[in-house]
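Heads up: the structure comes next, in structure tokens.
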Amino acid sequence: MWSTVLITGGTGGLGRIVARHLVAEHGVRSLLLVSRRGPAADGAKELVAELEQSGAQAVVEACDVTDAAAVAELVARHAPAAVVHTAGVLDDGVVESLSPERLAAVLRPKVDAAWNLHEATKGLDLNAFVVFSSVAGTFGSAGQANYAAGNAFLDALAHHRRTAGLPAVSLAWGPWSQDSGMTGTLTDADVQRMTRSGMPPLSAEEGVALFDAALASTEPTTVPARLDLAALRRQGEVPPLLRGLIRTSGRRTAATATDGDTTAAFAQRLTGLSAAEGREVVLDAVRGQVAAVLGHSGATEIDEDRAFLDIGFDSLTAVELRNRLSALTGIRLPATLLFDYPTPAELVDHLHARIAPEPSSGPEALLGELERLEKSFGGLAVTEEVHEQIAGRLEVLRAKWHALRDTAPAAGRDGSPAEEDFDFESASDDEVFDLLDNELGLN
Ligand SMILES: NC(=O)c1ccc[n+]([C@@H]2O[C@H](COP(=O)([O-])OP(=O)(O)OC[C@H]3O[C@@H](n4cnc5c(N)ncnc54)[C@H](OP(=O)(O)O)[C@@H]3O)[C@@H](O)[C@H]2O)c1
């Protein structure tokens, strides 16, 4: 049993869970919970009362742990027996958007604060020095370059302390469920996206069980995370760290976003289609990926003329869509894709132009078109009026085709004077009908 345990971020989502767990399962009777807001943090009073009910005394103090002097003073005053550093903030964004200020905001409560705690507790015989890190530092994470770097520092600090004979363990957490801490603002769509990406969130029960396992382990760094191996395998490109766990064929593991075979396979789907039909195929594919990224069930409801920003895309989801479309089509697409082509319609036109095979022409193409036309008759239910209308159009086509043969030099001519003088290019449908009726002796 430890005496006072200092929990930085002790009034935050995971800090609270750890505080309760230490009291309930580890018999801790004295807690020092710090955060910048301290007693002013939401629910701090209730948390203290709850911990008291469980038999522990909790003190909540306001302390910015990025301030070395404040940490030194806090530690000198309370002489904690163990430290659990959970304090941290997020400021996600694509790497080009990360200013020095945005980097510092995320690095300071990770790097500076952990170092301050390391320095301030050097003279104490600590039982444990636990730092809360993230899989972002281990695997990398889209839009979290600053956060990944901060957490990688925590993992390294745990190694450093162990090497120096000091207690330390870094827990590079996978995501926790929505009702705890930093993930509290995630939408259902975000959670679905995380689950699809192969790392579903941990429940509080799973989290504290993994906390205990990490403390019992001899390793300085651990990665407590849930992995859905089947979902990870479906990603196509398995992260290098997981290649020992997930077997894929060499071909898929080596797949890259500029895979010529993938491009050819997608282009194959457009072969023999008219431009309009081909565009429809690309539109379906784009809508499907847009719906998957946003967590919509109805891909067909996605309006192709509504701007991506208006339908809920941000810089992170824009990158995810770019990655998915690259993987699907096999062509390299820029990170700025959705800014260059701000609506699905513009994106579809761009992709279609890059993927579609050269339009085919000549007799083969014409016969192909006729075959498709004939197939489209099957099962068509039309009114009498529409039937007449279509029959008329077909007659016009037939007459135009005949006229073509009659004017072609190589073709045999049967020389109808009426048709010879007739200008099919500029004639209206009614004029062509009149001609046909004359031909058929109906006038
Ligand atoms: N939740 C997850 O799914 C998840 C996953 C992986 C890793 N983690 C890691 O676990 C830790 C806890 O996450 P959480 O979800 O509990 O976050 P959270 O609910 O936002 O809590 C973070 C706490 O840190 C405090 N804090 C921030 N900056 C501080 C500073 N400079 N000095 C003192 N306190 C400070 C905040 O309080 P004030 O604002 O009042 O200062 C808050 O109490 C983080 O380090 C995070 O990186 C979490």
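The table below gives the values:
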| item | result |
| --- | --- |
| Hits in the range 361-406 (condition: on the phi > 0 side of the Ramachandran plot and either surrounded by 10 or more Cβ atoms within 10 Å (Cβ to Cβ) or assigned to a helix (DSSP H, G or I) (or both)) | GLY362 |
| Subset of the range 57-73 (residues that are part of a helix (DSSP H, G or I) and either near the ligand (Cβ under 9 Å from one of its atoms) or within 40 Å of the chain's Cα centre (by Cα) (or both)) | ALA68, ALA70, VAL71 |
| Spans of helices (runs of 4 or more DSSP H) in the range 85-186 with at least 1 residues over 20 Å from GLY198 (Cα atoms) and in contact (Cβ under 8 Å) with a residue 60 or more places away in the chain | 113-120, 145-163 |
| Residue in the range 86-106 that is within 11 Å of the ligand (Cβ to nearest atom), at pLDDT 95 or above, within 26 Å of ALA168 (Cβ to Cβ) and touching a strand residue (DSSP E or B) at 6+ places or on another chain (Cβ under 6 Å) present | yes |
| Residue within the range 19-30 that is within 6 Å of the ligand (Cβ to nearest atom), farther than 14 Å from GLN57 by Cα and among the charged types (D, E, K, R) present | no |
| Every pair of residues 6+ apart whose Cβ atoms lie under 6 Å, when the first sits in the range 33-55 and is away from the ligand (no atom under 14 Å from the Cβ) while the second is β-branched (Val, Ile, Thr) and in a helix (DSSP H, G or I) | LEU51/VAL23; SER54/VAL23 |
| Any hit, the range 175-183, residues being at positive phi and at pLDDT 95 or above | no |
| Residue list for the range 156-181, filter: within 12 Å of the ligand (Cβ to nearest atom) and either surrounded by fewer than 22 Cβ atoms within 10 Å (Cβ to Cβ) or closer than 24 Å to ALA82 by Cβ (or both) | SER170, LEU171, ALA172, TRP173, GLY174, TRP176, SER177, GLN178, ASP179, SER180, GLY181 |
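The values are calculated or read from the model by the stated rules, or taken from the named source; none is laboratory data. Note that the structure is a prediction, hence the values are computed from the model and not measured. Cβ sites come from the backbone with ideal geometry, for glycine too, and all protein chains shown count toward neighbours.
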